[in-house]
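The next block holds one structure in the form of structure tokens; read it before the comments.
What follows draws every value from the coordinates through simple rules; no lab data is involved. Quick caveat: nothing in here was measured; it's all calculated off a predicted structure. Cβ coordinates were reconstructed from backbone atoms using ideal geometry, including for glycine residues, and neighbour counts include every protein chain displayed.
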Amino acid sequence: MADINAIKCFANANDLFQFAAEEFTTRSIACVKEKGTCTVVLSGGSTPKFFFSILTGMESYKKRIPWGDIKFFFSDERYLPVESADNNYHMVNEHLFSKVPVLADNIYRMKTEFNDPNEAANDYEKMIRSVLHLNATAFPSFDLVYLGLGEDAHTASLMPFSDVVMRYAENVQAETIQPLVASLWVPHLSMHRITLTPPAINHSARIIFQVTGQSKAQAVKHVLKGQHDPQAYPAQLIHPEHGQTQWYLDKDAAMLLAG
Ligand code: 6PG
């Protein structure tokens, strides 16, 4: 069976994000030319900041990317006020949106103003279905999805052994109605999270993991070379319906793959 993962290793993070920025540029241009828009899912955390610094810091990308035609979504959100520096929308707005001519109406953040995080998850699912004109059982096909990887092999906010992960690890394909968005309490972080579910991600045209640093090497090895155990390594739940999952790794993150 063809490998479901395509792995690109880079000498360092700068090479990785220069490559990713050029790819983002060419793919978004082609997408907008073909469809008039491009739907992009962004993740939070610290890794994307390097990517955004390249996209906003180099005129060749800043000028060429059709920012006003791109619709931005989020893979997940820490359930914190939008004013919090740890809120993913806050981070992306500070490092990307505030520096390029995106349209505010094209930014679809996961709202954290609801008292009940479940309401926030439902609200985001309704918004995705409305913006992408999806019926109640259809899945979104985002054009570009950018994901990170936690040291515990989580991605988005699909945390190991969480209810949402256990549900999909037990292969719920049989269920006709699979939610696009879920909320969960993360005990070790003492916070709620909102996250896209695997089926909301897996129908996308291109799914790209960007992973750097030695601290991720063990998780990368578990996910890509370890036993299939998505409950423990939730990033294993992510693979597109067609084609391969793209893994962009710097040398440090890939250091345990050779053995
Ligand atoms: C988040 C992210 C999460 C992230 C990984 C890696 O809200 O934290 O969406 O899935 O991609 O935790 O985070 P770093 O890039 O900070 O290592």
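Some points to look at:
- Formal net charge of residues neighbouring PHE10 (Cβ-Cβ distance under 11 Å; K, R +1; D, E -1): -1
- Its Cα gyration tensor gives region 1-139 an equivalent ellipsoid; the semi-axes, largest first and in whole Å, are 26, 19, 17.
- Estimated dipole of the chain in Debye, rounded to 20 [Cβ of Lys and Arg +1, of Asp and Glu -1, Cα centre]: 640
- Hull-based mean projected area of region 86-196, where the convex hull spans the alpha carbons, in square nanometres: 8.2
- Shape summary of region 50-127, radius of gyration then Dmax from alpha carbon positions: 13.7, 43 Å.
- Cβ-placed point charges (K, R +1; D, E -1), dipole of region 117-259 about Cα centre in debye, nearest 20: 240
- Dipole of region 1-136, positive end: most advanced residue of ASN122, VAL32, ALA85 [Cβ charges, Cα centre]: VAL32
- Using 0.36 nm per residue and subtracting the Cα-Cα separation, the extra length available between ASP86 and ASN115 on full extension is 8.6 nm.
- Charge context of SER215, other residues only, Cβ under 14 angstrom, K/R +1, D/E -1: -1
- With a Cα cut-off of under 13 Å and a minimum spacing of 8 residues unless on different chains, the lysine pairs in the chain number 8.
- Global dimensions of region 133-247 from alpha-carbon coordinates: Rg and Dmax equal 13.7, 43 Å.
- Taking the chain as a whole, the Cys residues whose C-beta sits 4.7 Å or farther from every other Cys C-beta are CYS9.
- Remark: region 115-199 carries a charge dipole of roughly 140 debye about the Cα centre, counting +1 on each Lys and Arg Cβ and -1 on each Asp and Glu Cβ.
- Computed with the Debye formula from one identical point scatterer per Cα of the chain, without solvent, the log10 of I(q)/I(0) at q = 0.09 Å⁻¹ comes to -0.36.
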